[in-house]
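A short worksheet on the structure shown next.
Rule-based calculations on the coordinates, nothing more; no lab input. These numbers were taken from a predicted model, which means no experiment stands behind them. Backbone-built Cβ (ideal geometry, glycine too); neighbour counts: all protein chains shown.
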Amino acid sequence: MPIIETHQLTKEFRLPVKSPGFAGAVKHLFRPKHRRLLAVDHIDFAIEEGESVGYVGPNGAGKSTTVKMLTGILVPTSGKVVVRGLDPHRQREANARNIGVVFGQRTQLWWDLPVQESFRLIGDIYDVPAETFKRNFEEFIELLELAPILATPARQLSLGQRMRCDLAASLMHSPGIIYLDEPTIGLDVAVKERIRRFIKRNNRERGATVLLTSHDLGDIEDICERLIMIDKGRILYDGPLHEIKERFGQKRVVHFLLHEYPRSGHESGNGVVRRARALLPELAADSIREADAFNLSVEFNASELTASEVIGRLLQVLPVADLRLEEPEIETVVRALYEGRLKFEEPDR
């Protein structure tokens, strides 16, 4: 059975509409006007225990609003959300014991207390048994390299240090579900990698269910196996991450490094390009290009030709010293979908 389930989940906000200045404020006081903002629009999804799910979309798509309804911070306008059999906003305390939450823009650490004291307070709030707290405390300090900053007040931490501490704090009570809303925002590469390893370990070794929202699609690709794409409050895609690449990322480029000898004597570089085009008549003429005297690039659609076909044909006649296959990154594919350059349609069954 799913441990997180939504049915027609909807959140609508009423935003004030008023003219600028004092006159506008007075007019709004006596004749208020509002506009309707549908942040989450009748969405359905179910997440099984132990899954790692990326929840992605552009700014304003409804990602954070969804997470806040799953945690019980926001009350749905309509629809249903169930987390481990609980209604999050009606049973907030019971729900809080099952979940760990990290919001990249907010901290749960006490601003003037040393980090280790914040951890102990969190352990007391959740009634974490002493043995469990000690085990988690020691493990998280080692994995996230927190020992040098345990005595440092939260207000003196750098962004990367604070995010690592917040991640440890959110998991100190061993929750089975982890919500991560932009956990690596603004961090350098080394800190991102450390946090990604920590999240993957909790998912794969402890069996924690992870729902991750991030604008850094490197986080999604590294951590998650399933992708839910949302835009304008509605789900565009829900399925395996690899399927997005297979269905929408069909463009491939093979880069060939050639020996020098085709460039001398009777055959010019143009002759090599002509030979390649003759062997790959399915491709448009501008799909085969020379970058310089020794480099040839062949662009093709993987739904029409496989990489092995392209490489196999050219290896028969071209003096290839080395080659490299360039495949699309998930970031490129997702961006193209949001910009309307790719249209999502259900595949034929």
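General observations
- Of the residues 21, 62, 312, the one that moves most in a GNM of the chain with alpha-carbon contacts below 10 Å is 21.
- For the stretch 49-246: Kirkwood Rh in Å [reciprocal of mean 1/r, alpha carbons]: 17.3
- Length released on extending from residue 117 to residue 277, taking residue separation times 0.36 nm less the Cα-Cα span: 50.8 nm
- FRET E, pair residue 15, residue 335, Förster distance 22 Å, beta-carbon r, rounded to 0.05: 0.20
- Stretch gain in nm, segment residue 284-residue 38, where the contour uses 0.36 nm per residue and the Cα spacing is subtracted: 84.1 nm
- Alpha carbon centroid spacing (whole Å) that separates the stretch 19-52 from the stretch 85-144: 30
- Scattering curve values for the stretch 217-259, log₁₀ I(q)/I(0), Debye with Cα scatterers, q = 0.34 Å⁻¹: -1.15
- Additional length obtainable on full extension of the chain from residue 31 to residue 125, 0.36 nm per residue less Cα span: 29.3 nm
- Under 20 Å from residue 232, Cα to Cα: lysines that are on another chain or at least 8 residues apart: 11, 63, 68, 80, 343
- Packing-based order for 107-115, 175-183, using average beta carbon neighbours within 10 Å, highest first: 175-183, 107-115
- Cα→Cβ-extended label distance, 7 Å offset, between residue 22 and residue 193, nm: 5.9
- For the chain, the percent of C-alpha pairs falling in each 20 Å distance bin, counted from 0 to the bin holding the largest distance, reads 24, 42, 26, 7, 0.
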